[in-house]
1. At 1.4 Å probe size, with every protein chain present, just tell me what the per residue accessible area of the stretch 259-317 comes to in Å².
2. When the accessible area of the stretch 259-317 is split by element with a 1.4 Å probe, what percent falls to carbon and sulfur?
3. For Ala17 paired with Tyr253, estimate the spin-label separation in nm (one decimal), with each label point 7 Å from Cα along the Cα-to-Cβ line.
4. How far, in nm, would the chain grow between Ile217 and Leu204 when pulled straight, counting 0.36 nm per residue and subtracting the alpha carbon separation?
5. Ignoring ligands, DNA and RNA, please state the percent of accessible area on the stretch 131-249 from carbon and sulfur, probe 1.4 Å.
6. Consider a paramagnetic label point 7 Å from the Cα of Arg316 along Cα→Cβ; state which residues of the stretch 271-301 have an amide N under 13 Å from it.
7. I need the calculated FRET efficiency for the pair Ser118 and Ile154, taking r as the beta carbon distance and R₀ as 35 Å, to the nearest 0.05.
8. Pop out the ³J(HN,Hα) list for the stretch 193-198 in order, Karplus 6.51 cos²θ - 1.76 cosθ + 1.60 with θ = phi - 60°, rounded to Hz; leave Gly and Pro as x.
Amino acid sequence: MVDQNLENKPKRIPVLAISRKVIQIIFFFLINYVALETIFNADFSLLEDLLKVLPFLHSAKSSWTVGAGLLEYSFYTISEGHFPFFFIAVISLLGLFGGRIFCGWACPTGFIQDLLYSLSGENKRFSLEVDRSLKKVKFFGLIAMIVLITPLGIYRISDVTAYIGYADFLGDLTDNMIAPISLSEFLFVTFPGVIQSIIENVNLQALFSEGKAWSTILFFLYIIILVLNVFWPRAYCKYLCPYGAAISFSARYSLVKLQRKPTRCPGRKECGVCEKVCPMQIRILDEDFSGFTGKGECTLCLECMEKCPHDAIKWRFGA
Ligand code: SF4
Ligand code: SF4
């Protein structure tokens, strides 16, 4: 039955959605401030010290960015033979006090995924079982990288010859462990580099160079991921992002969470709008209504809160 009160309700301006877009744009350019320098022919190098400590997954190798993400610093620390206590503590505290708010409001890779999704606005979703299984993939990726990089650190402090041999075996990965699992690396380093090479050399050598089969496979894999994002919002965040995997351990217990008032909510059958708009495919109505973080998957985009026709969802801070 159609709720008369809902029909008469005036359409609200999506203040939260607009604010989020504006903040995402600001962060996109702050993090990639070199782009601003080029556009405005100005010097924004003052931003460098600030951005070096910001916890984002962007590549140290990109000519468009500065610094590196917390995960890159963590991997680098392991490869140097040390345990990254400091960076793990920072990631944990960020997750605990802010959940995955950076993913929802500041991450440039998330922003690009949102832009791609806005091309269709069609929130396709996998079945519950497939979604659950795919969400585990990002943890395997993260663990695989740690397993690969740990011997490098051990050899570094114990056996120089073995270190050189293992570094040789890892090849390009030695300097940039996160590259194969980082969409950021693809968007801001690999993709522009390949396009630039194609334009300058008028050939596809950058894409199909000999002995670089893995790079070619990864290139097309990321193109597929980007295309998937047009219909499956935040596909990379949900299923592959290593930073998302790392922070979700503590974000699961985040002090910032959402709550749902059951007295206002008629449930999935009669409404279910929140679940339909959730880009992370969180089963909001199966979560604890007094406070939920989607098991660390919620990016606090607040789409569900803004679109809920009964104003049943609110955010709260506290245990
Ligand atoms: S959108 Fe709001 S009212 Fe509808 S199911 Fe979700 S929480 Fe309940
Ligand atoms: S639960 Fe709500 S705030 Fe969290 S990701 Fe889904 S739509 Fe966004």
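1. Normalised by residue count, the accessible surface of the stretch 259-317 is 49 Å².
2. 56
3. 3.6
4. 3.3 nm
5. Percent of accessible area from carbon and sulfur atoms in the stretch 131-249: 70.
6. Answer for the stretch 271-301: 288-293.
7. 0.15
8. x, 5, 4, 4, 5, 4
The values are calculated or read from the model by the stated rules, or taken from the named source; none is laboratory data. Keep in mind the model is a prediction, meaning the values are calculated, not measured. Cβ sites come from the backbone with ideal geometry, for glycine too, and all protein chains shown count toward neighbours. For accessibility, only protein heavy atoms count, side chains too; no ligands or nucleic acids. Shrake-Rupley method; radii C 1.70, N 1.55, O 1.52, S 1.80 Å.
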